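J.: Here it is, the structure in full.
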Amino acid sequence: MRYDNEAVKGYSFTEAFVEDRIETGWLFGFYGPLLTKRQQELLTLWCDEDLSLSEIAAREEISRQGVCDAVHSAEKRLHDLEARLGLLARYRRLTDGLRQCMDEMSGIPGDKARRVEAALGRLLALEEEEDGL
């Protein structure tokens with residue numbers, strides 16, 4: 001994978017790194033308000049604005065290690081919350097189930113099947129809207 005951005009030139013992103021970053025973004029979407037304001041600010045820069053730890057450190061005028069510690073502490077908190085509450089896992093099961101039902105309904109002919117498929121689509125859209133995703 002190659003990037004043209006000067007900030008990441010020469011840095012090799014592994015698939016695991018990218019997956020972890022995406023997962024952190026999902027968790028942040030669900031549990032972000034439960035973090036400290038400072039953790040929210042730093043994770044917003046790291047997840048939403050896709051800044052590197054060094055870029056965040058320069059912007060916030062703190063050490064890179066300070067940013068690293070804060071981000072990892074926040075990630076740990078997010079994972080702990082998910083382990084206890086399971087909201088993201090529940091959301092994924094629910095939306096996957098709704099999509100599967102919609103797929104099954106699309107293969108059934110008739111007006112009633114279209115109405116059920118539309119109702120499932122509305123439920124899916126409502127669930128995604130409520131979670132801001």
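J.: Given just the C-alpha atoms of segment 14-85, how large is their convex hull per residue in cubic angstrom? Before the final figure, lay out the partial values.
T.: Working: hull volume 5.8 nm³, N = 72.
For segment 14-85, the hull spanned by Cα atoms encloses 80 Å³ per residue.
J.: State the Cα centre-to-centre distance between segment 23-37 and segment 39-53 in whole Å.
T.: Distance between centres, Cα-based: 11 Å.
J.: Okay, moving on. At a threshold of 8 angstrom on Cα-Cα distance, excluding pairs fewer than six apart, so keeping six or more, what relative contact order does segment 14-85 reach in percent? The partial results should precede the final answer.
T.: Values: 44 pairs, mean separation 24.7, N = 72.
Relative contact order, segment 14-85: 34 percent.
J.: As an exercise, take the mean of 1/r over every pair of distinct alpha carbons in segment 21-133, invert it, and state the Kirkwood radius in angstroms. Don't jump to the answer; show the numbers that get you there.
T.: Working: mean 1/r = 0.0619 Å⁻¹.
So the Kirkwood estimate lands at 16.1 Å.
J.: When the helices in the chain are scored as -39500 (n - 2.57) per DSSP H run of 4 or longer and the sum is shared across all residues, what 222 nm value do you end up with, to the nearest 500 deg cm²/dmol?
T.: Numbers: 6 runs with 94 residues, N = 133.
Only helices count here, giving -23500 deg cm²/dmol.
J.: Checking the a/c ratio against 1.5 first, then a/b against b/c, what shape does the Cα gyration tensor give for segment 88-130? Write out the running numbers ahead of the final one.
T.: Values: a/c = 4.56, a/b = 1.90, b/c = 2.39.
Oblate shape, in that a/c is at least 1.5 and b/c is the bigger or equal ratio.
Bear in mind these aren't lab numbers, they're just calculated from the coordinates by the rules spelled out. These figures come from a predicted structure and were not determined experimentally.
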